[in-house]
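Worksheet for the structure shown next.
The values are calculated or read from the model by the stated rules, or taken from the named source; none is laboratory data. Just so we're clear, the structure is a prediction, and the values are computed from it rather than from any experiment. Cβ placement follows ideal geometry from the backbone for every residue including glycine, while neighbour counts extend to all protein chains displayed.
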Amino acid sequence: MTRFLPFPIVSFCLLALWLLLNQAVTFGHILLGCVIALVGGRILTVLELPDTRLRRPGLMLRLLGLVAVDIIRSNLAVGQIVLGFGRRDRRSGFVNIPLDMRNPYGLAWLACIITSTPGTLWVNFDAQKGSLMIHVLDLVDEGEWVRTIKERYERHLLEIFE
């Protein structure tokens, strides 16, 4: 069964996503969605993803809450910048952050968190040095960004994945 359907949860999610995007549950959409789900699951075997185990799944919910709050706050801050409220001397820039995390799943989560937060963007990760470069729309204090990423996100992700 695992040879035919190596990632059943991913395949089911792909089928559900296909049906949601098409907003129709017809025989043709179900059939095409099943084909996409099977092919998508088989493609993941080519990537040879490393096995992982979530050590503290409850902490993941807390992290998602922190991220939701940060996204809302960032949306408000970026909205103020776009509308021209507040101070006028804004400076955007790049920040290099040394990371202790090397787990690919933890890094993927961190990339999603940083990129989904308005005003920040994951630019580059140097695996040799363990250095992450992000772009910040309103850069006031580089040290504050380093502390935020390391203490608010990386610390939780290390506990979850490592």
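Give the residues of the range 75-110 that are among the small types (G, A, S) and either surrounded by fewer than 19 Cβ atoms within 10 Å (Cβ to Cβ) or modelled with pLDDT under 90 (or both), sorted by residue number. Before you say what the answer is, go through the steps one by one.
The first filter runs over the range 75-110 and keeps only residues among the small types (G, A, S), leaving 77, 79, 84, 86, 92-93, 106, 108.
Of everything in the range 75-110, those that are among the small types (G, A, S) and either surrounded by fewer than 19 Cβ atoms within 10 Å (Cβ to Cβ) or modelled with pLDDT under 90 (or both) turn out to be A77, G79, G84, G86, S92, G93, A108.
Given G106, G93, which one is under 11 Å from Y153 (Cα atoms), in contact (Cβ under 8 Å) with a residue 24 or more places away in the chain and among the small types (G, A, S)? Working first, answer last.
Numbers: G93 fails: under 11 Å from Y153 (Cα atoms).
Testing whether each residue is under 11 Å from Y153 (Cα atoms), in contact (Cβ under 8 Å) with a residue 24 or more places away in the chain and among the small types (G, A, S) leaves just G106.
Candidates are the residues of the range 26-48 that are touching a residue at least 24 places away in the same chain (Cβ under 8 Å) and of a type in the set (A, V, I, L, M, F, W, C); the one that is surrounded by the fewest Cβ atoms within 10 Å (Cβ to Cβ) is L44. May I ask you to verify whether I134 is crowded, with 16+ Cβ neighbours inside 10 Å, modelled with pLDDT of 95 or more and not aromatic (F, W, Y)? Against the criterion (crowded, with 16+ Cβ neighbours inside 10 Å, modelled with pLDDT of 95 or more and not aromatic (F, W, Y)), I134 qualifies. Just one of the listed residues (G106, G143) is in contact with an Asp or Glu (Cβ under 9 Å, 6 or more places away or on another chain) and not polar (S, T, N, Q), namely G106.
Pairs are defined by a Cβ separation below 8 Å, a sequence spacing of at least 6 or placement on different chains, a first member in the range 66-90 that is over 24 Å from W109 (Cβ atoms), and a second member that is of a type in the set (A, V, I, L, M); the pairs so defined are I81/L137; R90/I81; R90/L137.
Of all residues in the range 134-150, none that is farther than 21 Å from G79 by Cβ and in contact (Cβ under 8 Å) with a residue 40 or more places away in the chain has its Cβ atom under 7 Å from the Cβ atom of a residue that is in a helix (DSSP H, G or I) and hydrophobic (A, V, I, L, M, F, W, C), 6 or more apart or on another chain.
I'd like the residue in the range 111-120 that is of a type outside the set (S, T, N, Q) and in contact with a helix residue (DSSP H, G or I) (Cβ under 6 Å, 6 or more places away or on another chain) and, out of all such residues, is surrounded by the fewest Cβ atoms within 10 Å (Cβ to Cβ). Step through it out loud before you land on a result.
Of all residues in the range 111-120, those of a type outside the set (S, T, N, Q) come to 111-114, 118-119.
Next, only the ones that are in contact with a helix residue (DSSP H, G or I) (Cβ under 6 Å, 6 or more places away or on another chain) stay: 113, 118-119.
On the way: I113: 23, P118: 19, G119: 16.
It comes out as G119.
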